[in-house]
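Below is one structure; the comments refer to it alone.
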Amino acid sequence: MNNTVQLPATGYLRLNQILGNAKAQPPLIPIIPVSKSTWWQGVKSGRYPQPVKLGPRTTAWRAQDIRNLCAKL
């Protein structure tokens, strides 16, 4: 089984794709292994990238922003 996460070249990622979801079938492996509250604190402080609102109840992050974050970490 391959435990590496392949990020799309372009597009958007939802929070579960970034932080992982062990309850999903199949389980989603985290790209950034932190809790949701830690992630949102990091977004607020500027440590993590700002989200993009795709709709009234839909928030996502640009794949390129997550790639840049991974390279920086």
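Look at segment 22-41 and say how many of its residues are closer than 18 Å to Leu7 by Cβ and either out of contact with any strand residue (DSSP E or B) (no Cβ under 7 Å at 6 or more places or on another chain) or assigned to a strand (DSSP E or B) (or both).
Of the residues in segment 22-41, 10 are closer than 18 Å to Leu7 by Cβ and either out of contact with any strand residue (DSSP E or B) (no Cβ under 7 Å at 6 or more places or on another chain) or assigned to a strand (DSSP E or B) (or both).
Can you tell me which residue in segment 1-56 is farthest from the chain's Cα centre (by Cα), limited to those that are basic (Lys, Arg) and under 18 Å from Asn68 (Cα atoms)?
Selected residue: Lys44.
Select, from Ala71, Ala9, the only residue that is outside any strand (DSSP E or B) and without any contact (Cβ under 8 Å) to a residue 24 or more places away in the chain. Spell out how you get there, then give the answer.
Details: Ala9 fails: without any contact (Cβ under 8 Å) to a residue 24 or more places away in the chain.
Of the residues listed, the single one that is outside any strand (DSSP E or B) and without any contact (Cβ under 8 Å) to a residue 24 or more places away in the chain is Ala71.
Every residue in segment 20-73 that is within 17 Å of Thr10 (Cβ to Cβ) and open to solvent by 40 Å² or more (accessible area, probe 1.4 Å), please.
Scanning segment 20-73 gives Pro51, Leu54, Arg62, Gln64, Asp65, Arg67, Asn68, Cys70, Ala71.
The values are calculated or read from the model by the stated rules, or taken from the named source; none is laboratory data. Because the structure is predicted, anything quoted here is derived from the model rather than measured. Backbone-built Cβ (ideal geometry, glycine too); neighbour counts: all protein chains shown. Side chains are part of the model used for accessible areas, which takes the heavy atoms of the whole protein and leaves out ligands, DNA and RNA. Shrake-Rupley method; radii C 1.70, N 1.55, O 1.52, S 1.80 Å.
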